[in-house]
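Note sheet for the following structure.
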Amino acid sequence: MPACMRSLVAAAAFAAAFTIATAANAQKKYDPGASDTEIKIGNIMPYSGPASSYGVIGKTEAAFFNMVNAEGGINGRKINFISYDDAYSPPKAIEQARKLVEGDEVLLIFQSLGTPSNSAIMKYMNAKRVPQLFVASGATKFGDPKNFPWTMGFQPNYQSEGHIYAKYIQEHFPSGKIAVFWQNDDAGKDQFKGLKDGLGDKVGMIIADKSYEVSDPSIDSQIVALRDSGADIFFSWAAPKGSAQAIRKVGELGWKPKFFLANTATTIASVLKPAGLDYAKDIISTSYVKDPTDPIWKDDPGVKKWAAFMDKYYPDGDKTNSNNAYAYVESQAMVQVLKQCGDNLTRENVMKEAANLKNFTSDMLLPGITINTSPDDYFPIEQMQLMRFNGTSWELFGDVITGEVGHDASH
């Protein structure tokens, strides 16, 4: 081969190798919190305070990421999960968000819990352009990509849940008189709005309502007043502690209304048992996650996989607490987003992939319920199924219902 030809071939080979190497390097893009070996994920949970029963969610998520790391990580990177307590206090949540973003330099904050805390940090997270991903709240405000593109909810929004109950009541109890007990914050107001909007021109069926503060030591006076209203349908839109108190007081009063309970307060371990299982019998709620206590899932492969995870990575966790199943679903979705990101671990790409979930499902989601997002749809789950407590476990009934509420904010 002539010398000039050999030179050309060598030059071409070098150029090709350079191009391949450059392309490989170009594919790897990192923002703070990501590297060749690690992905830092921040989290804020009420491990103490009036909503501390939700703290098991953070513990399950930590255990899940321990499992992910033990199995090799995500695209070869280990998860560094950093979780702080905010005691369900918005000022503390702001402090912890700043610590995670500016101190720990996490790539994103995942599953921060509670409407008040997430409302408090939302403007900060969007100003910093850091993902506030899969918020642990059903408040409709967390699905507004037009105004808050760095914040995305996860669970069915509270207004959708209210619409589902309203439809059921109008079909089965058209002459009912409704009393509503609601939490005096954005979550409670959102839930109550969903019920009223769902009732439409039948909103007059609501004859009484009483609010409470999540820090209130007792809610007895509100429940007595609602009983005295003459209502025969009762709604409890409250956090676990308030819901347990409401169930117990309704039972102690001997009041027998048709009882509807917010799906965020349906755990047997932390709500129904403390309230009294006999008092909880026949309560109606909604679900989108398999209830591990329901015998129908005894041989379900997904529940078996979840139970094996709990046994190995969170042996102290309570398998009757559905919050542990909820946390597992959220964590699987988070892992899916990071897998889709590949080597482009910028915050912008995390949000892009979070808004590109197509018919994703989890071991612990109910059959027929899938996770779907798009750039103008920040409500990942919009399906639920009604369920009734039989005194021992929850029993599903009816069909999976889709309720798309809140899109006006983002479309």
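Please treat every number below as a calculation from the coordinates, not as lab data. Worth saying up front: this structure is predicted, and the values here are computed from it rather than measured. Reconstructed Cβ throughout: ideal geometry from the backbone, glycine too, with neighbour counts over all protein chains shown.
What is the sum of charges, Lys and Arg at +1 and Asp and Glu at -1, for the other residues whose Cβ falls under 12 Å from the Cβ of GLY398?
Here the count lands on -1.
All other residues whose Cβ lies under 13 angstrom from that of VAL329 are scored, Lys and Arg at +1 and Asp and Glu at -1, for a net of -2. A straight line joining the Cα centroids of region 225-300 and region 36-59 runs 25 Å. Think of it as helices only: each DSSP H run of n ≥ 4 in the chain is worth -39500 (n - 2.57), and spread over all residues that comes to -12500 deg cm²/dmol at 222 nm.
Summary value for the chain: 17 percent relative contact order, contacts being C-alpha pairs under 8 angstrom separated by 6+ residues. For LYS298, give me every one of the lysines with a C-alpha distance below 16 angstrom, ignoring sequence neighbours fewer than eight places off in its own chain. Qualifying lysines at Cα under 16 Å: LYS290, LYS319.
Once the Cβ-Cβ distance of VAL203 and GLU38 is raised to the sixth power relative to R0 = 51 Å, the FRET efficiency obtained is 0.45. Taken over the alpha carbons of region 26-116 as equal point scatterers, the Debye sum produces base-10 log I(q)/I(0) values at 0.22 Å⁻¹ of -1.04. Label sites at SER175 and ASP278, each approximated as a point 7 angstrom past Cα along Cα to Cβ, lie 3.1 nm apart. Cross-link list LYS40/LYS312; LYS92/LYS177; LYS189/LYS273; LYS123/LYS193; LYS99/LYS358: which exceed 31 angstrom alpha carbon to alpha carbon? Over 31 Å apart, Cα to Cα: LYS92/LYS177; LYS99/LYS358. Between the C-alpha center of region 166-183 and that of region 86-110 there is a gap of 39 Å. With viscosity 0.890 mPa s and temperature 25 °C, the Kirkwood radius over alpha carbon pairs of the chain converts through Stokes-Einstein to a diffusion coefficient of 109 µm²/s. Take every Cα-Cα distance within region 59-210, group them into 5 Å bins from 0 onward, and report for each bin the whole-number percent of pairs it holds. Result returned by the calculation: 2, 9, 15, 17, 15, 12, 10, 8, 6, 4, 2, 0.
The residues neighbouring ASN349, those whose beta-carbon lies less than 15 Å from its own, together hold a net charge of +3 under the Lys/Arg +1, Asp/Glu -1 convention.
What fraction of the DSSP beta bridges in the chain is antiparallel, stated in percent and rounded to the nearest 5?
Values: 15 of 47 bridges.
Percentage antiparallel, nearest 5: 30.
If you look at the Cα atoms of region 146-233, you get an Rg and a Dmax of 14.7, 46 Å. The order of SER236, SER119, going from fewest to most other C-beta atoms within 10 Å of their C-beta, is SER119, SER236. Size descriptors for region 282-322, from the alpha-carbon set: Rg then Dmax equal 11.3, 34 Å. Under conditions of 10 °C and 1.306 mPa s, region 158-287 yields 111 µm² s⁻¹ as its translational diffusion coefficient, taking Rh as the Kirkwood radius over Cα pairs in the Stokes-Einstein equation. In region 158-287, Cα pairs under 8 Å separated by at least six residues give a relative contact order of 24 percent.
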